[in-house]
Amino acid sequence: MDSGQISIGQIRRSEHLPARIAAQLAAQITEGHLKPGERLPTEHSLSKTLGVSRSVVREAIAQLRNEGLVETRQGVGAFVSEKCARPIRIKDEELGDPQSFRALFQLRVPLEIEAAGLAALHHTAEDLARIDEALAGMTGAEKWTHQGVEADLLFHRAVAEATQNEYFAMFVGFIAERISHAIDAARARAVLEEIVEVTIAEHVVLRDAIASRDPKRARQAMRTHLLGAASRINLSLEEF
């Protein structure tokens, strides 16, 4: 499909750009304007049509990939997935309901705890390098900005990918994207220096546990981090 045929308007700068772009592209897919197997317009053409940077488009497509709506082929582009491959989609407005958001975060906890344990057992040198790269993004000069939040999400995706189970990568990546708004909200309400440093420290402990191939310690580190993250957004979860 030519990018000029997609009925998507420019995105307001006050919105969370990647999520809004992903939602609009998802609507084009579910309404049949983009059909299974069809190639999406290039990053360049989408960025021009939408009036955003290519990095924003890239993040939106990554979100659609995590949701199973598109698949990417190295050096070729992004293609609409076959209908049978698509999981349930959760819309942003649904997570405006506190109970829905809490339910999604509750689901995140067992998934990511298990992912941490499996990552400790099965990670490769390349997986650990990706985890370290994301951690470097969290601890660098940009840790106070939204790019620090993006590095946080990349860290969790890298851990999920290190399980060597593509379904963990798919579901953890999807949930992390949906919850990214809450990370921003936590930063807005808290003393930024305190919340950022605590979050980084939790990730360092988790990284070291995975690197040491200790699944029990990795699971505990992830549990500590997720419960801490929940408390920082005033979310009370059921524990057993």
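The values are calculated or read from the model by the stated rules, or taken from the named source; none is laboratory data. Quick caveat: nothing in here was measured; it's all calculated off a predicted structure. Cβ sites come from the backbone with ideal geometry, for glycine too, and all protein chains shown count toward neighbours.
In this structure, does Leu121 turn out to be crowded, with 17+ Cβ neighbours inside 10 Å, at pLDDT 85 or above, more than 24 Å from Val196 (Cβ to Cβ) and not β-branched (Val, Ile, Thr)?
no
Considering only residues of region 210-240 that are modelled with pLDDT under 95 and assigned to a loop (DSSP other than H, G, I, E, B), which is nearest to Gly148 (Cα to Cα)?
Ile233
From the list Leu46, Leu34, pick out the single residue that is part of a helix (DSSP H, G or I) and modelled with pLDDT of 85 or more.
Answer to the selection: Leu46.
Here is a list of conditions, (1) touching a residue at least 24 places away in the same chain (Cβ under 8 Å); (2) crowded, with 16+ Cβ neighbours inside 10 Å; (3) not acidic (Asp, Glu), and Lys216 meets all of them except one; can you say which number that is?
(2)
May I ask you to list the residues in region 159-190 that are more than 19 Å from Phe105 (Cα to Cα) and modelled with pLDDT of 85 or more?
Hits for region 159-190 are Glu161, Ala162, Thr163, Gln164, Asn165, Glu166.
So, of the residues in region 49-78 that are part of a loop (DSSP other than H, G, I, E, B) and of a type in the set (A, V, I, L, M, F, W, C), which turns out to be nearest to Arg157 (Cα to Cα)?
Among them, the one singled out is Leu69.
Check region 191-209 and report whether any residue there is surrounded by 14 or more Cβ atoms within 10 Å (Cβ to Cβ), over 16 Å from Ala151 (Cβ atoms), modelled with pLDDT of 95 or more and out of contact with any Ser or Thr (no Cβ under 9 Å at 6 or more places or on another chain).
yes
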